[in-house]
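Participant: What follows is a single structure, and I will ask about it in a moment.
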2 protein chains.
Amino acid sequence: MIVTIDRPLRADAARNRSSLLAAAAEEFAAHGLDASVADIARRAGIGKGTVFRHFPTKDDLLAAVVLDRIDNLAALAQRLTTATDPGAALLEFMDAAAGRQQQLDLSFLRESGEINARLRNARERLFTAIITLVTRAQEAGAIRADINGMDVILLMCAPNHVVSFVPDPPPDLWRRYLHIIFDGLRPDGAQPLPDPAP
Amino acid sequence: MIVTIDRPLRADAARNRSSLLAAAAEEFAAHGLDASVADIARRAGIGKGTVFRHFPTKDDLLAAVVLDRIDNLAALAQRLTTATDPGAALLEFMDAAAGRQQQLDLSFLRESGEINARLRNARERLFTAIITLVTRAQEAGAIRADINGMDVILLMCAPNHVVSFVPDPPPDLWRRYLHIIFDGLRPDGAQPLPDPAP
DNA sequence: GCCTAAACGGACCGCCCGGTCAACTTGTTA
DNA sequence: TAACAAGTTGACCGGGCGGTCCGTTTAGGC
């Protein structure tokens, strides 16, 4: 068992840590998981060794970036569970979720393993909040009944991915596809879905 | 200028070439662009050097695999342009397109550069066939008017990508998401899309 | 201002990858 | 069946990656 005493970070270390996280977020957004640690370090203006002092592994660094985003999303989702218009609330949530590069996050959704407890915890918060969001929207008749929290999680990431293939995407193009997908969730169509939700 | 005389391949070379292509398709499907040439060669039961004799570059090998798929898709799309029910035809096409791993293909859709002429040609055929498919479906009132051929191309790849994040996906789960997305293309919703098509 | 532990940084390591090459094997043709 | 071109192969190369290490710098309590 490893015992770590959380003494406060030295001022310069704290500064470096935050610019490192910012740089990592940008670099991962730009190059996906292939972003190199050396590039991240360069962008943050620190040495490569310093990166590994803060995060023992590239994966740990990625996890920290993702935790940040999942945390924010979970907070937003929880806030929206009390909105007056449940349909609009769900749309707003998916809009916020799709607006950022989420590919990385998704790959962490399935890791059931030994990721750090905070991440697993944040994921749990996010999941349950989304489920309430979905349930309320269904009760309000805003979306079809045979939809899942998982469906929403999966679909909200599609727009960004899809847009990533067009050469010079207008910055809001993803909204177009989110809109289409959200329309697909509406109860109008009424034909049952061919497969059960995961 | 390089002049190549197309003499017929030796029997063993032809055999190797086709098992190489099959192995490459499987390996790319399993590991994406990160599939290593060595693994592909091993799966095909040939030496790594042989791979590079048939295709001077890993990218050329990928292009050959993709060409195959694009060709098939284009043929299907052309066949469907004369179907009696244009709405069903478009759905059938998207179904066939989504049913296979298309991520690779998409990345080639945007390469305007110096990819080989056959590939560019097949892509062109695919594009125009899809556009007719979409136009006919619109004239039949099966899908909304503010949709593009490009929209269809982009969206038809989303289901597979989305499903790739669920741990042990049932083999037909992608159909669920294709269905949702296709419902989003239906004219019922009627609210105009927030952004113009690419 | 001094001292020490904390933090830093970049040279360095081993690994894996795409791609090359020259020695070897094999299909083909007369 | 002989002889040659076509094809095969795996050792090898250079480069880039994640990760390590140790000499150097620096923040902050006294």
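Participant: If we keep just the residues of segment A:141-156 that are facing chain B (nearest Cβ under 9 Å) and open to solvent by 10 Å² or more (accessible area, probe 1.4 Å), which is farthest from B:Asp168 (Cα to Cα)?
Facilitator: A:Arg144
Participant: Can you say whether B:Ala63 is assigned by TED's automatic domain parsing to the domain that holds B:Phe127, at pLDDT below 95 and part of a helix (DSSP H, G or I), as far as the supplied structure shows?
Facilitator: On the way: assigned by TED's automatic domain parsing to the domain that holds B:Phe127: yes; at pLDDT below 95: yes; part of a helix (DSSP H, G or I): yes.
When the stated conditions are applied, B:Ala63 passes them.
Participant: Give me the pairs: first residue in segment B:170-188 and facing another protein chain (nearest Cβ under 7 Å) and of a type in the set (Gly, Ala, Ser), second residue in a helix (DSSP H, G or I) and crowded, with 22+ Cβ neighbours inside 10 Å, beta-carbon distance under 6 Å, and six or more apart or on different chains, which are they?
Facilitator: B:Gly184/A:Ile180; B:Gly184/A:Ile181; B:Gly184/A:Asp183; B:Gly184/A:Gly184
Participant: Given the conditions (1) within 14 Å of B:Ala25 (Cα to Cα); (2) in contact with a helix residue (DSSP H, G or I) (Cβ under 9 Å, 6 or more places away or on another chain); (3) within 16 Å of DNA strand C (Cβ to nearest atom), which single one is not true for B:Leu67?
Facilitator: Failing condition for B:Leu67: (3).
Participant: Let me spell it out: the conditions are (1) open to solvent by less than 20 Å² (accessible area, probe 1.4 Å); (2) more than 11 Å from DNA strand C (Cβ to nearest atom), and A:Leu20 meets all of them except one. Which number is the exception?
Facilitator: If we test A:Leu20 against (1) open to solvent by less than 20 Å² (accessible area, probe 1.4 Å); (2) more than 11 Å from DNA strand C (Cβ to nearest atom), just (2) comes out false.
Participant: When the residues of segment A:59-76 are filtered to those that are surrounded by 17 or more Cβ atoms within 10 Å (Cβ to Cβ) and within 11 Å of DNA strand D (Cβ to nearest atom), which remaining residue is farthest from A:Ala97 (Cα to Cα)?
Facilitator: Among residues in segment A:59-76 that are surrounded by 17 or more Cβ atoms within 10 Å (Cβ to Cβ) and within 11 Å of DNA strand D (Cβ to nearest atom), the one farthest from A:Ala97 (Cα to Cα) is A:Leu61.
Participant: Output the residues belonging to segment A:29-40 that are in a helix (DSSP H, G or I), surrounded by fewer than 13 Cβ atoms within 10 Å (Cβ to Cβ) and within 13 Å of DNA strand C (Cβ to nearest atom).
Facilitator: Hits for segment A:29-40 are A:Asp34, A:Ala38.
Participant: Can you tell which of B:Arg53, B:Arg15, B:Arg43 is buried (at least 16 other Cβ atoms within 10 Å of the Cβ) and either of a type in the set (D, E, K, R) or at positive phi (or both)?
Facilitator: B:Arg43
Participant: Among what's in segment B:157-169 and is within 8 Å of chain A (Cβ to nearest Cβ) and open to solvent by 30 Å² or more (accessible area, probe 1.4 Å), pick the residue that is modelled with the lowest pLDDT.
Facilitator: Result: B:Pro167.
Participant: Being hydroxyl-bearing (Ser, Thr, Tyr) and either within 16 Å of DNA strand C (Cβ to nearest atom) or open to solvent by less than 50 Å² (accessible area, probe 1.4 Å) (or both) is the filter here; which residues of segment A:77-91 pass it? Give the derivation first.
Facilitator: Going residue by residue through segment A:77-91, those that are hydroxyl-bearing (Ser, Thr, Tyr) are A:81-82, A:84.
The answer is A:Thr81, and nothing else.
Participant: Within segment B:108-115, identify whether any single residue is modelled with pLDDT under 95, closer than 24 Å to B:Asp39 by Cα and in contact with a Leu (Cβ under 9 Å, 6 or more places away or on another chain), and answer yes or no. Talk me through it step by step, then tell me what you get.
Facilitator: The initial filter retains those residues of segment B:108-115 that are modelled with pLDDT under 95, namely B:108-115.
Next cut, closer than 24 Å to B:Asp39 by Cα only: B:108.
Checking the rest, the ones that are also in contact with a Leu (Cβ under 9 Å, 6 or more places away or on another chain) come to B:108.
Yes, segment B:108-115 contains at least one residue that is modelled with pLDDT under 95, closer than 24 Å to B:Asp39 by Cα and in contact with a Leu (Cβ under 9 Å, 6 or more places away or on another chain).
Participant: Condition check: out of contact with any Phe, Trp or Tyr (no Cβ under 6 Å at 6 or more places or on another chain) and surrounded by 12 or more Cβ atoms within 10 Å (Cβ to Cβ). Does B:Ala97 satisfy that? Quick ask: steps written out before the conclusion?
Facilitator: Numbers: out of contact with any Phe, Trp or Tyr (no Cβ under 6 Å at 6 or more places or on another chain): yes; surrounded by 12 or more Cβ atoms within 10 Å (Cβ to Cβ): yes.
Against the criterion (out of contact with any Phe, Trp or Tyr (no Cβ under 6 Å at 6 or more places or on another chain) and surrounded by 12 or more Cβ atoms within 10 Å (Cβ to Cβ)), B:Ala97 qualifies.
Participant: In segment A:66-84, what residues are outside any helix (DSSP H, G or I) and in contact (Cβ under 8 Å) with a residue 24 or more places away in the chain?
Facilitator: First, pick out the residues of segment A:66-84 that are outside any helix (DSSP H, G or I): A:81-84.
Passing the criteria: only A:Thr81.
Participant: Which condition number in (1) in a loop (DSSP other than H, G, I, E, B); (2) touching a residue at least 24 places away in the same chain (Cβ under 8 Å) is the one that A:Val152 fails?
Facilitator: (1)
Participant: Looking at segment B:1-53 only, could you name the residues that are at pLDDT 95 or above and among the hydroxyl-bearing types (Ser, Thr, Tyr)?
Facilitator: B:Ser18, B:Ser19, B:Ser36, B:Thr50
Participant: Another question, if that's okay. So how many residues does segment B:3-47 have that are away from every other protein chain (no Cβ under 14 Å), more than 8 Å from DNA strand D (Cβ to nearest atom) and touching a residue at least 12 places away in the same chain (Cβ under 8 Å)?
Facilitator: 16
The values are calculated or read from the model by the stated rules, or taken from the named source; none is laboratory data. Computed from a predicted structure; not experimentally measured. Note that each Cβ is placed from the backbone with ideal geometry, even for glycine, and that neighbours are counted across all protein chains shown. Side chains included, ligands, DNA and RNA excluded: accessible areas come from the protein's heavy atoms. Shrake-Rupley method; radii C 1.70, N 1.55, O 1.52, S 1.80 Å.
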